[in-house]
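Worksheet: the structure to be examined is printed underneath.
The values are calculated or read from the model by the stated rules, or taken from the named source; none is laboratory data. Just so it is clear, the model here is predicted, and its values are computed rather than measured. Cβ sites come from the backbone with ideal geometry, for glycine too, and all protein chains shown count toward neighbours.
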């Protein structure tokens, strides 16, 4: 587990978010990230597997073997580990605090005082 | 697995082994799926976009992964490699020096040419979103050549257009600056107040011009260039608000532009403006009742979303509407809308520049091949060393790396030294290229040029390094070690490879040489062109009688009489002949044409058929060595009081009279009846490449001109002659102004400057190519001789005579260069199609050029082969057999 939350890079965070609901294989993660960020984050193969490599080492995600052998056409699938879930929660809490703060100071574009 | 997936799998070696092994299948699966992603678009661009994205990702992530796995020992190994390579290069100083010299020259020259080509032709305009800037020009019909714009047209375009954020216009005016007690004549630019805003430039100090500056009664203002601010005002920040005096009155400085800003963008002459003043239009200028005056260059910025095609359609419609309303203004004028950069860098200049770049690339390629060859020759000597290394357990990768590091060190050194050549070459090119080339003055070795030099070094390193590297990294252990004592033997495929490299080199050199031959021969033809007059030994001096100060319009106009002056100059010792001409000097670019009316045709000859009028004195015929065909030339008795006369050129006779006899005919020219009294051969007044035009010579006293050009034929030194001529001018025309003397040969040189440059530069390339080829052939033959010493020894022991050995060796050299010759010929024939457009009166497949190039190449290759061949013929059988 990362020692501090700032260790989560934006890409790593997006990868974790993609795995919150269900396990996915590599390209599925890429498409999911692309859809959620409206094309703002486009992951190449190297960048994605670099992030996966690191998240695996830190125990935030792990390989799954759904029903037997891995699909050779799609590559391995990954699922979120409890530590990963905790990291996502912590990161989200921090982001929400930042957003609240920004909204209170009316820094956010389009924000209205409520 | 298809080809591109295999390619991608090969590229995965960029990742560290651990990462690669773990994720190879996943990365490949990702690759295959991603190929179907819609974001890469459709059509032929799709694979490019896909691969660009994939490679970018690969490079970035591989670099990051590698960095994570960085081990200091690794870098130590690399530095060991470097040390080894430097040592090994120094151990063979001969080949290393040759390779380094060739690389330095190749990289240096190509970067120098790139510096020029990039700055002149490739770079965009130095303004924000310059690709949205559009030039709108009027065109001459029917040729469609873009020309400047008339003021009323500009104003009405502005009012009617919807495609541009605005249209701005500029022109030049000559003014006299009266600053610090001195008067200085200079060229300044007038710009409409909106222009600099459209360019999106900001001033360094003060403000830009505003529409208020051209309101009636507004104070006269001026913007300074950064250069003028430094030179004339010592970069004083308090200069804003100061008044500077021009001959036309005071102007208040409102702003200083930033360093590097120049407008209009173009050749040194037109970019030199130090001042910009607001361009206001007078009612008279905007009226359409008077003469047509074209002076404006118009630039617009496209509105967001508007395309240049839309703008072109709109402007064409506007032109047609205006043409219907004011037909007189548009009988011979169309409209052209094109990117602003195209107006600065014409298509001719651009393709010329690209041709130069292509030629120098060929030189660089030959240099690569040459260095590859030299390295291969070196490698032969190292085969044993590498064999031993391999036997001791070095992997193929280790050997490959060692050899590649050597070539990269060579090319890095070549690029570094080459940058010195680039700096020298750029300065030389700037000085020799014709000064009217746009943006030539700002050519410099900058970041882009250095980058290109570095890239050229890297690419050449790969190109010439890989062939020997791959060959060497696969040493045949058994063979090399078995060959025990024999020092330097090259395997047969090894030699074949070198022979092929030389063939390739020869063929590239042929292409360059044929190109050089075509340029040089076309240049010689240009110089040989009969101008219709003889420009050598002619000095010209112009004398102008300025009207008295303050008298702008004199009524009735009187004009000075130059006949006394001409007579006085004719009497100066050393003057062989002198003539006066009042309509502009030949080759000076000044000409005047006018309608010509003959009795047998109701309408006058005009426009393309208008007569070019020259006013000349009696002596001009002899001074310029014009050729009188029939009748008589202008006489001293042809005074304004006498009946009007005209002498026509043959071209004029052909066009105006056809088969009729012109002599004695009465014609109308410039509101006067004249009798045709003589016919002369035509002259190339507008330069050797101009089309022949109809010319009409009339007596000098008829000239309604303030100035005359004295055309003096003399063998004497110009410096001694000029003071006497000046005295004659001041004696006969008090208060006259004299311009510096110019020789017609100097004017002619300016005309042919571009072609002279091409011929010279390409010839230099050709000579370099030939030199490198001879080095290559020498190297290969020397190696052949060295390797076959034993064989030759055996032959000679068996009774072969030295002459036979010599013939055999030369035969081999001929074979190698002969094969290159054929390939080169094919290449040259293909190339000729490209460069024909750059040639003056091209002769297709000029046999003289091709033959000369072929025989030159054969001769050079034989000479290069001669030395090794003689060594072979001189082999002592005893020594040879005892060797090894």
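For the range B:365-383, give me each residue that is crowded, with 24+ Cβ neighbours inside 10 Å and under 25 Å from residue B:759 (Cβ atoms).
B:366, B:367, B:370 - these are the residues of the range B:365-383 that are crowded, with 24+ Cβ neighbours inside 10 Å and under 25 Å from residue B:759 (Cβ atoms).
Any idea which of (1) touching a residue at least 24 places away in the same chain (Cβ under 8 Å); (2) away from chain A (no Cβ under 11 Å); (3) closer than 30 Å to residue B:453 by Cβ is the one residue B:83 doesn't satisfy?
In the conditions (1) touching a residue at least 24 places away in the same chain (Cβ under 8 Å); (2) away from chain A (no Cβ under 11 Å); (3) closer than 30 Å to residue B:453 by Cβ, residue B:83 misses (1) alone.
Which fully enclosed helices (runs of 4 or more DSSP H) of the range B:781-884 have 3 or more residues being at pLDDT 80 or above and crowded, with 18+ Cβ neighbours inside 10 Å?
It comes to B:789-797, B:802-835, B:847-873.
If you scan the range B:1-19, which residues turn out to be surrounded by 15 or more Cβ atoms within 10 Å (Cβ to Cβ) and more than 8 Å from chain A (Cβ to nearest Cβ)?
Passing the criteria: B:4, B:8, B:9, B:11, B:12, B:14, B:16.
Residue B:66: under 30 Å from residue B:379 (Cα atoms), part of a helix (DSSP H, G or I) and either at pLDDT below 85 or touching a strand residue (DSSP E or B) at 6+ places or on another chain (Cβ under 8 Å) (or both), yes or no?
Judged against the criteria, residue B:66 is not a match.
Taking the range B:20-34 on its own, how many of its residues are over 10 Å from residue A:44 (Cα atoms) and within 7 Å of chain A (Cβ to nearest Cβ)?
The total comes to 5.
Surrounded by fewer than 20 Cβ atoms within 10 Å (Cβ to Cβ), more than 19 Å from residue B:618 (Cβ to Cβ) and in contact with a helix residue (DSSP H, G or I) (Cβ under 8 Å, 6 or more places away or on another chain): which single residue out of B:735, B:687 fits that description?
On inspection, the qualifying residue turns out to be B:687.
In the range B:694-734, what residues are closer than 30 Å to residue B:598 by Cβ and assigned to a helix (DSSP H, G or I)?
Once the filter is applied, which keeps residues that are closer than 30 Å to residue B:598 by Cβ and assigned to a helix (DSSP H, G or I), the range B:694-734 yields B:700, B:701, B:702.
Give the residue, chosen from B:309, B:342, that is surrounded by fewer than 18 Cβ atoms within 10 Å (Cβ to Cβ), closer than 30 Å to residue B:117 by Cβ and in contact (Cβ under 8 Å) with a residue 40 or more places away in the chain. Quick ask: steps written out before the conclusion?
Details: B:309 fails: in contact (Cβ under 8 Å) with a residue 40 or more places away in the chain.
Criteria check complete, one pass: B:342.
State the number of residues belonging to the range B:636-654 that are in a loop (DSSP other than H, G, I, E, B), surrounded by fewer than 22 Cβ atoms within 10 Å (Cβ to Cβ) and touching a residue at least 40 places away in the same chain (Cβ under 8 Å).
The qualifying residues number 4.
Only one of (1) out of contact with any helix residue (DSSP H, G or I) (no Cβ under 9 Å at 6 or more places or on another chain); (2) part of a helix (DSSP H, G or I) is not met by residue B:131, so which one is it?
That leaves (1) as the condition not met.
Using the structure shown, decide if residue B:120 is part of a strand (DSSP E or B), closer than 26 Å to residue B:260 by Cβ and at pLDDT 85 or above.
Numbers: part of a strand (DSSP E or B): no; closer than 26 Å to residue B:260 by Cβ: yes; at pLDDT 85 or above: yes.
So residue B:120 fails the test.
Have a look at A:48, A:8, A:16, A:31 and point out the one that is away from chain B (no Cβ under 13 Å), surrounded by 13 or more Cβ atoms within 10 Å (Cβ to Cβ) and at pLDDT 90 or above.
One residue alone meets the criteria, A:16.
Taking residue B:398 as the residue in question, decide whether it is touching a strand residue (DSSP E or B) at 6+ places or on another chain (Cβ under 8 Å) and part of a helix (DSSP H, G or I). Steps first, please.
Numbers: touching a strand residue (DSSP E or B) at 6+ places or on another chain (Cβ under 8 Å): no; part of a helix (DSSP H, G or I): yes.
Considered against the rule, which asks whether it is touching a strand residue (DSSP E or B) at 6+ places or on another chain (Cβ under 8 Å) and part of a helix (DSSP H, G or I), residue B:398 comes out as no.
Looking only at the range B:262-279, which residues are surrounded by 15 or more Cβ atoms within 10 Å (Cβ to Cβ) and modelled with pLDDT under 90? Can you show your working first?
Applying the first criterion (surrounded by 15 or more Cβ atoms within 10 Å (Cβ to Cβ)) to the range B:262-279 yields B:262-268, B:270-279.
Answer for the range B:262-279, where residues must be surrounded by 15 or more Cβ atoms within 10 Å (Cβ to Cβ) and modelled with pLDDT under 90: B:262, B:263, B:264, B:265, B:266, B:267, B:268, B:270, B:271, B:272, B:273, B:274.
In the list A:96, A:3, which residue meets the criterion of being out of contact with any helix residue (DSSP H, G or I) (no Cβ under 7 Å at 6 or more places or on another chain), modelled with pLDDT under 90 and either more than 9 Å from every other protein chain (Cβ to nearest Cβ) or part of a helix (DSSP H, G or I) (or both)?
Result: A:3 is the single residue among A:96, A:3 that is out of contact with any helix residue (DSSP H, G or I) (no Cβ under 7 Å at 6 or more places or on another chain), modelled with pLDDT under 90 and either more than 9 Å from every other protein chain (Cβ to nearest Cβ) or part of a helix (DSSP H, G or I) (or both).
Can you say whether residue B:662 is touching a helix residue (DSSP H, G or I) at 6+ places or on another chain (Cβ under 7 Å), over 28 Å from residue B:603 (Cβ atoms) and crowded, with 18+ Cβ neighbours inside 10 Å, as far as the supplied structure shows?
Taking the combined requirement at face value, the residue does not satisfy it.
Return the residues of the range B:35-53 that are out of contact with any helix residue (DSSP H, G or I) (no Cβ under 7 Å at 6 or more places or on another chain), more than 11 Å from chain A (Cβ to nearest Cβ) and either outside any helix (DSSP H, G or I) or touching a residue at least 60 places away in the same chain (Cβ under 8 Å) (or both); say none if nothing qualifies.
Those that are out of contact with any helix residue (DSSP H, G or I) (no Cβ under 7 Å at 6 or more places or on another chain), more than 11 Å from chain A (Cβ to nearest Cβ) and either outside any helix (DSSP H, G or I) or touching a residue at least 60 places away in the same chain (Cβ under 8 Å) (or both): B:42, B:43, B:44.
Of everything in the range B:271-303, what is in a loop (DSSP other than H, G, I, E, B), in contact with a helix residue (DSSP H, G or I) (Cβ under 6 Å, 6 or more places away or on another chain) and closer than 24 Å to residue B:442 by Cβ? Give them in sequence order.
The one that is in a loop (DSSP other than H, G, I, E, B), in contact with a helix residue (DSSP H, G or I) (Cβ under 6 Å, 6 or more places away or on another chain) and closer than 24 Å to residue B:442 by Cβ: B:274.
Based on this model, can you work out whether residue B:64 counts as under 45 Å from the mean Cα position of the chain (by Cα), free of Cβ contacts under 8 Å to residues at least 12 places away in the same chain and within 10 Å of chain A (Cβ to nearest Cβ)?
Details: under 45 Å from the mean Cα position of the chain (by Cα): yes; free of Cβ contacts under 8 Å to residues at least 12 places away in the same chain: yes; within 10 Å of chain A (Cβ to nearest Cβ): yes.
Answer is yes for this residue.
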